[in-house]
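Data block below; observations after.
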Amino acid sequence: MTTVCYIDDSPADLEHYGDRLERHGVDVVRMSPPAPFSPDKLIECRADVFLIDWELSKAGVGKTPISYQGSTVAASIHENLPEHPVILFTRKSLTGAKYGTALGAARDTFDDILLKGEVEKAADRAARKLEDLGVGYRLLRRKRRRDWRSVAELLRARPAEADALQKAGPPLLGPAAAGPGAWQVKEIAAWIRQVLLGYPGILYDDLYAATVLGISLESFRHPRVARYFSRARYSGVFGGFENRWWKGRALEIAHGLLRVARSSGSIHSGFAPAYTRRFSVTLDPARCVECGKPTADSVCYVLKEPVHRIHSLPYYPDFRPAFMEEARVSFKVIRETDKVSDELFGASARGELKAIRGV
């Protein structure tokens, strides 16, 4: 069981959210912020994960005043327990403009953010996320040999997959560190969670996997289809929270079906009919969010829906490695919303924006 040290200035919140998480299998140690501040109690807690409220000033009412925020506690934990995850636990209202600057600066201190509303709506999902973090960091801490081979083992990658992973920029240190290609827990954890699991390319989420196969998300999640691709499921570190699929393994399985079905078409156009002929299960096609027609071959970065590449433009919202899939946004988003920034399109695409918007 993962142990979470939950620090909050509100006794009511400590009990309420602590109880909700405990009902779903998380061991919660509740703690009021120490006054005056001292890291000793935090170290003694021996938690797998630290969950910290942002505003801690209420704890000082009628007692010794609290003159620090959650970021102070987080920084102390990282200094004294650098191989443990620290999660900001706050309300959505505190992520708005009033606190935006302070929270933006604090993102470098916290390893992730969990909103209290998420625990309110889906405590089971929040508990799974904390459990996955606790288990993942624990596995990383236990690795004595911290070279690239140990990373590949933690990810359960095949040799060819390990070669591809190195193109995604893992944060390995030079020979002057603990050994050639050595790594530190905080940095390698961030790379795995934010890059490898965050961007499609080597691993796919359900939507990308479905679209590559030319089928709808609902069809891909059909129990029989999910079982068919079980050998492609990512089961490495931090893989217990949300589904990820090895791209190469999924395509290998799909190619195998096409060979058995003696189909000469591409995976994108041929997988669904081949699967239906073999298993008598009809799979719906991936329909383009722009035109509604099959078979979409890309994913809209904003809408999280399938889209035809010809009905989308490349978009550059982040610093993902070039080896990963490029982000694309549908004409629908460009035309109907204000959710994209013109500056994040390539120079060649900016000229198309006015035409798409009909300006």
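Read the figures in this text as sums done on the coordinates, not as results from a lab. All of these numbers come straight from a predicted model, not from anything done at the bench. A quick note on method: Cβ atoms are made from the backbone with ideal geometry, for glycine too, and the neighbour counts reach across all protein chains shown.
Using only Cα atoms, find the angle between the long axis of helix 123-142 and the longest principal axis of the chain, and express it within 0 to 90 degrees, rounded to the nearest 10. That works out to roughly 80 degrees. Could you tell me whether the chain comes out rounded, prolate or oblate from its Cα gyration tensor? Rule is a ≥ b ≥ c as square roots of the eigenvalues, rounded for a/c under 1.5, then prolate if a/b exceeds b/c, otherwise oblate. Prolate.
Output the 0 to 90 degree angle, nearest 10, between the alpha-carbon long axis of helix 267-279 and the longest principal axis computed from the alpha carbons of the chain. That works out to roughly 90 degrees.
Amide hydrogen proximity for Ile215: with H placed 1.01 Å from N in the peptide plane, the residues at 5 or more positions away or on another chain lying under 5 Å are Ala286.
By how many nm would the segment from Arg46 to Lys143 grow when fully extended, if each residue of separation counts as 0.36 nm and the alpha-carbon distance is taken off? Each step should come with its number before you reach the end.
Details: separation 97, 0.36 × 97 = 34.92 nm, distance 1.85 nm.
My answer for the length gained is 33.1 nm.
Under a model in which nothing but the beta-carbon of Lys, Arg (+1) and Asp, Glu (-1) is charged, the chain shows a dipole of about 1380 debye around its Cα centre.
Here the peptides 46-53, 333-340 are ranked by packing, the mean other Cβ count within 10 Å, and the order with the highest first is 46-53, 333-340. Cross-link reach is defined here as a Cα-Cα straight distance under 16 Å, omitting same-chain residues fewer than 8 places apart; for Lys92 the lysines meeting it are Lys116, Lys121. The charge dipole of region 223-324, taken about its Cα centre with unit charges on the Cβ of Lys, Arg, Asp and Glu (plus for the first two, minus for the last two), comes to roughly 520 debye. For region 12-29, backbone phi angles converted through the Karplus equation (6.51, -1.76, 1.60; θ = phi - 60°) give residue-by-residue couplings of 5, 5, 4, 6, 5, 6, x, 5, 4, 6, 5, 5, 10, x, 9, 7, 9, 9 Hz, Gly and Pro being listed as x.
Beta-bridge orientation, the chain: approximately 40 percent antiparallel, per DSSP, counting only bridges with both partners inside. Computed over neighbours whose Cβ is under 11 Å from that of Trp54, the net charge equals -2, Lys and Arg +1, Asp and Glu -1.
Annotation: peptides 186-192, 21-27, ranked by per-residue average of other Cβ atoms within 10 Å with the highest first, follow the order 186-192, 21-27.
The helix-based estimate of mean residue ellipticity at 222 nm for the chain, built from -39,500 (n - 2.57) per DSSP H run of four or more residues and divided by its residue count, is -12000 deg cm²/dmol to the nearest 500. Considering only Leu303, Leu81, Ala127, the residue lying farthest towards the positive end of the dipole of the chain is Leu303, judged by Cα position with unit charges set on Cβ. For Arg156 and Asp206, the difference between the fully extended length at 0.36 nm per residue and the C-alpha to C-alpha distance is 16.1 nm.
Descending by average beta-carbon neighbour count within 10 Å, the peptides 266-277, 296-307, 67-78 line up as 296-307, 67-78, 266-277, the highest first. With respect to the chain, whose longest principal axis is taken over its alpha-carbon atoms, helix 97-106 is tilted by about 90°. Treating r as the C-beta distance of Ala355 and Phe279 and R0 as 45 Å, the FRET efficiency rounds to 0.55.
Summing charges over all other residues whose Cβ lies under 11 Å from the Cβ of Arg91, with Lys and Arg as +1 and Asp and Glu as -1, gives -3. Taking amide H atoms as placed 1.01 Å from N in the peptide plane, the amide H of Arg91 lies under 5 Å from those of Lys116, each 5 or more residues away in sequence or on another chain.
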